[in-house]
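Written below as structure tokens is the structure these notes are about.
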Amino acid sequence: MDIAKNLAANLEGLRKKRRLTQSTLAKHAGVPRSTVAYLESGRGNPSLSNLAKITAALRISIEELLARPHAECEILRAKDLPRVERGHGSVRLHRLIPDSLSGLQMERMEILPGGFMRGVPHVQGAKEYLACLSGSVRVTVAGQSHELASGDVLAFPGDQLHTYHNPGRNLSVAISVVALVPAGT
């Protein structure tokens, strides 16, 4: 456990989250700006008095400042996820990774009974993984059909012509993950 690194990460993160400059935080805490900068560098060894002043200014406990940093989590509500309809409205695609991540796409597919959609071939070397969560999905890749039931996963070359079809009488739900791997890597 490296307390100095925890202190540095937490102090900088909390300061920025509160939109404070090092100078502003130092002024509120009654310490020199150089003390804040030194602590954020991970090399600081503050006195208990300075820790108490800084935590008071941030309105947190000393334990919180010294603890292992918390993960930065963000809940993306279903209503806020980008959604498109394809296959003449018979397939709804919900983008599960709205951030632009180079080389990765992930979507939740809702396919109405009898619904059909042509997939768009991805870049050469791409690999697609389709996980059927409920119902059934028929995936045809380069002319070969594969029937998926709930829990099944199909891995296939995403750069080939492919289609998705719900042959059942109930809504089918699947997750599509596409790893866009450029040729030659």
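The values are calculated or read from the model by the stated rules, or taken from the named source; none is laboratory data. Bear in mind the structure is a predicted one, so any value in this text is a computation, not a measurement. Here Cβ is always computed from backbone atoms with ideal geometry, including for glycine, and neighbour counts include all displayed protein chains.
Can you name every one of the strands (runs of 3 or more DSSP E) wholly within region 68-148 that holds 2 or more residues which are among the small types (G, A, S) and not assigned by TED's automatic domain parsing to the domain that holds K17?
Counting at least 2 such residues, we get 127-134.
Mind telling me which of the residues R59, R68, R77 ends up being touching a helix residue (DSSP H, G or I) at 6+ places or on another chain (Cβ under 7 Å) and not β-branched (V, I, T)? Please lay out each step first, then the result.
Working: R59 fails: touching a helix residue (DSSP H, G or I) at 6+ places or on another chain (Cβ under 7 Å); R77 fails: touching a helix residue (DSSP H, G or I) at 6+ places or on another chain (Cβ under 7 Å).
R68 is the lone residue from the list that is touching a helix residue (DSSP H, G or I) at 6+ places or on another chain (Cβ under 7 Å) and not β-branched (V, I, T).
Quick check: is even one residue across region 111-121 without any contact (Cβ under 8 Å) to a residue 12 or more places away in the chain and not hydroxyl-bearing (S, T, Y)?
Keep residues of region 111-121 that are without any contact (Cβ under 8 Å) to a residue 12 or more places away in the chain, which gives 120.
Retained after the next criterion (residues that are not hydroxyl-bearing (S, T, Y)): 120.
Looking through region 111-121, at least one residue is without any contact (Cβ under 8 Å) to a residue 12 or more places away in the chain and not hydroxyl-bearing (S, T, Y).
For region 28-41, which positions are surrounded by fewer than 18 Cβ atoms within 10 Å (Cβ to Cβ) and either among the polar types (S, T, N, Q) or within 19 Å of S61 (Cα to Cα) (or both)?
Filtering region 28-41 for residues surrounded by fewer than 18 Cβ atoms within 10 Å (Cβ to Cβ) gives 28, 30, 32-34, 37-38, 41.
Within region 28-41, H28, G30, S34, S41 qualify.
Hey, among the residues in region 23-47 that are within 15 Å of A4 (Cβ to Cβ) and part of a helix (DSSP H, G or I), which one's farthest from the chain's Cα centre (by Cα)?
Applying the first criterion (within 15 Å of A4 (Cβ to Cβ)) to region 23-47 yields 35-47.
From what's left, part of a helix (DSSP H, G or I): 35-40.
Working: T35: 35, V36: 31, A37: 31, Y38: 32, L39: 30, E40: 27 Å.
Here the answer is T35.
Output the residues belonging to region 54-80 that are within 21 Å of the chain's Cα centre (by Cα) and of a type in the set (V, I, T).
Within region 54-80, I75 is the sole residue that qualifies.
Answer yes or no: is there a residue in region 170-179 that is touching a Lys or Arg at 6+ places or on another chain (Cβ under 9 Å), assigned to a loop (DSSP other than H, G, I, E, B) and surrounded by 14 or more Cβ atoms within 10 Å (Cβ to Cβ).
No.
Do the conditions hold for L148, that is, is it aliphatic (A, V, I, L, M), buried (at least 16 other Cβ atoms within 10 Å of the Cβ), at pLDDT 95 or above and more than 26 Å from E74 (Cβ to Cβ)?
Details: aliphatic (A, V, I, L, M): yes; buried (at least 16 other Cβ atoms within 10 Å of the Cβ): yes; at pLDDT 95 or above: yes; more than 26 Å from E74 (Cβ to Cβ): yes.
Spelling it out, L148 is indeed aliphatic (A, V, I, L, M), buried (at least 16 other Cβ atoms within 10 Å of the Cβ), at pLDDT 95 or above and more than 26 Å from E74 (Cβ to Cβ).
Looking at region 95-111, which of the residues that are farther than 16 Å from E128 by Cα and under 18 Å from the mean Cα position of the chain (by Cα) is surrounded by the fewest Cβ atoms within 10 Å (Cβ to Cβ)?
If we filter region 95-111 for residues that are farther than 16 Å from E128 by Cα, which is where we start, we get 98-100, 110-111.
Then drop every residue that is not under 18 Å from the mean Cα position of the chain (by Cα), which leaves 98-100.
Working: P98: 12, D99: 8, S100: 6.
Restricting to residues being farther than 16 Å from E128 by Cα and under 18 Å from the mean Cα position of the chain (by Cα), the top hit is S100.
Could you grab the pairs with beta carbons closer than 7 Å, sequence gap of 6+ or different chains, first residue in region 31-50 and closer than 15 Å to N10 by Cα and hydrophobic (A, V, I, L, M, F, W, C), second one assigned to a loop (DSSP other than H, G, I, E, B) and at pLDDT below 95?
Final answer for the pair search is L39/P46.
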